[in-house]
Every structure is written in structure tokens, then in C-alpha cells.
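K.L.:
One structure follows; several queries about it will come next.
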Amino acid sequence: MQIRRILMATDCSPAALAAEGVVEVLAKTLGAEVTLLYVDEIASFGFHSAEELSTYVEKFAAVIDEQLERSEQRFIDADIKVETIRTEGKAWREILKNADRYEVDLIAVAKHGSRGLQRMLVGSTTTRVVRRAALPVLVVPANGASEETETGEDAPISLRRILATTDFSE
């Protein structure tokens, strides 16, 4: 199997930003392209008034746009071809739909580690993607993507080993 295109699903959280570092190293090593996908779940809920929608768009969307630009620039600076997609809907559904649409070979997602009531109420996008995906999914733990140097800066990420599990089914 050759990995030519990686779908990096992001919610612009610190965990997702850390996972970008792993995807950057992997894409650079494999010569793969990256599709950066942001799914706006909040906008899909609808709003009670035009004023609520306007407030949302002005505040939240501007922050997300800025972060997506920084994320895209990270890949460009690493000489990795990147395409940024922004869509609305249920995150897990949009991730799977866009993985198919853009014919990616690998989906990369961050694991946030929510537990208990929060997980029951909100659900786990990562779990749903892993269970339903017809292609490999790379799950990067929120606290396992980078290390700090003595000066407090992020150390360069290096991938030494990748554990691939299987049940040997088709």
C-alpha cells in the first residue's frame, strides 16, 4: 500500500495542532499530499436569529480561518502540497465522506481523551471514524505528539516505529 494522500481532520484544538506535526513528518517522509479538513458542527445546528448567526460568524469563524491559514502554511513551509477544505455537518460523517471524495489513502485524527458524561453527550468523532472507515486511520494522542526541549520549545517530531494492529480479516 502506498500512501499518496493524507486527510488531516482538524478542529483547530491543541490536540489537533499537535497531530499536524505527526502528519507533517509522515507526509514529508512518504512524499504524500495533505488534505486539511475542518468540519463546522456548530453552524449545522442552526440559529434562532440572524443576530446569533452574525455573532457566530464574526467571532468564531474568524478565529478558525486564521488557524486554518497557519496550519496550511505549516505544510507549505515543509514543501508539502496541501489543500484546505472547510465544510459543515457531523464531523465523523464529513471526514468519511471527504476521505472518499478526495480519494485519500490515510485519515489522520487527534484523540482528545474525553471521558464519562462528556463522551456520552458529545460522542467521540475519532471512535466513529475508526469504526466506520474503509481505509487506515492514524490516531494521534493529545499528549503524545510532541515533546519539549530544555528551552521549552517543541522538539522536532521523529517517527521511529509505527504499530499497526490487525485481526487479519479482509
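K.L.:
Just one of Val104, Val129 is open to solvent by less than 40 Å² (accessible area, probe 1.4 Å), under 30 Å from Asp167 (Cβ atoms) and at pLDDT below 95; which is it?
P.N.:
Only one candidate qualifies: Val129.
K.L.:
Sticking with this one: Looking at (1) charged (D, E, K, R); (2) surrounded by 14 or more Cβ atoms within 10 Å (Cβ to Cβ); (3) modelled with pLDDT under 90, which one does Glu153 not meet, given that it meets all the others?
P.N.:
Here Glu153 meets the rest and fails (2).
K.L.:
Let me ask something else about it. How many residues does the stretch 10-25 contain that are open to solvent by less than 50 Å² (accessible area, probe 1.4 Å) and assigned to a loop (DSSP other than H, G, I, E, B)?
P.N.:
Final tally of qualifying residues: 2.
Table: residues versus (1) touching a Cys at 6+ places or on another chain (Cβ under 9 Å); (2) at pLDDT 95 or above; (3) hydroxyl-bearing (Ser, Thr, Tyr); (4) surrounded by 12 or more Cβ atoms within 10 Å (Cβ to Cβ).
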residue	(1), (2), (3), (4)
Met8	no, yes, no, yes
Ala27	no, yes, no, yes
His48	no, no, no, no
Lys59	no, no, no, no
Gln67	yes, no, no, yes
Val82	no, yes, no, yes
Glu88	no, no, no, yes
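K.L.:
Restricting the first residue to the stretch 6-20 and requiring it to be under 18 Å from Ile80 (Cα atoms), which pairs with a second residue that is open to solvent by 20 Å² or more (accessible area, probe 1.4 Å) meet a Cβ separation below 6 Å and a spacing of at least six or different chains?
P.N.:
Qualifying pairs under 6 Å: Ala18/Ser146.
K.L.:
When both residues are 6+ apart or on different chains and their Cβ atoms are under 9 Å apart, which pairs have a first residue that lies in the stretch 80-94 and is hydrophobic (A, V, I, L, M, F, W, C), and a second that is part of a strand (DSSP E or B) and open to solvent by 50 Å² or more (accessible area, probe 1.4 Å)?
P.N.:
Final answer for the pair search is Ile80/Glu33; Val82/Glu33.
The values are calculated or read from the model by the stated rules, or taken from the named source; none is laboratory data. Since this is a predicted model, take the numbers as computed values, not measurements. All Cβ positions, glycine included, derive from the backbone under ideal geometry; neighbour counts span all protein chains shown. Side chains are part of the model used for accessible areas, which takes the heavy atoms of the whole protein and leaves out ligands, DNA and RNA. Shrake-Rupley method; radii C 1.70, N 1.55, O 1.52, S 1.80 Å.
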